[in-house]
Amino acid sequence: MIKFYTFTIGVIASALAVYRFIVPALFSLSDDFAMVLAAVIALSYPVALAVISKKVWKRKKK
């Protein structure tokens, strides 16, 4: 359950950080592209976290 909260907080934080700080730097782009960019970066966070935790889990099993 804690991992779910970690994923949720990470996704929200990533999306907010991208949309708040990176998107204004790309103000010439359309809002639709900015939202897609924010979604891609936000979704890459839990994937990276899952890969890292899986490697740590394999290491602990040995």
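The values are calculated or read from the model by the stated rules, or taken from the named source; none is laboratory data. Bear in mind the structure is a predicted one, so any value in this text is a computation, not a measurement. For neighbour counting, all protein chains shown are included, and Cβ atoms are generated from backbone atoms with ideal geometry for every residue, glycine included.
Results, tabulated for the structure shown:
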read-out: Flag for Leu37 being surrounded by 12 or more Cβ atoms within 10 Å (Cβ to Cβ) and modelled with pLDDT of 75 or more; value: no
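One line per residue, one yes/no per condition, for (1) outside any helix (DSSP H, G or I); (2) among the basic types (Lys, Arg); (3) within 13 Å of the chain's Cα centre (by Cα); (4) modelled with pLDDT under 75:
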| residue | (1), (2), (3), (4) |
| --- | --- |
| Val11 | no, no, yes, no |
| Ala17 | no, no, yes, yes |
| Ile22 | no, no, no, yes |
| Ser28 | yes, no, no, yes |
| Phe33 | no, no, no, yes |
| Val47 | no, no, yes, no |
| Ala50 | no, no, yes, no |
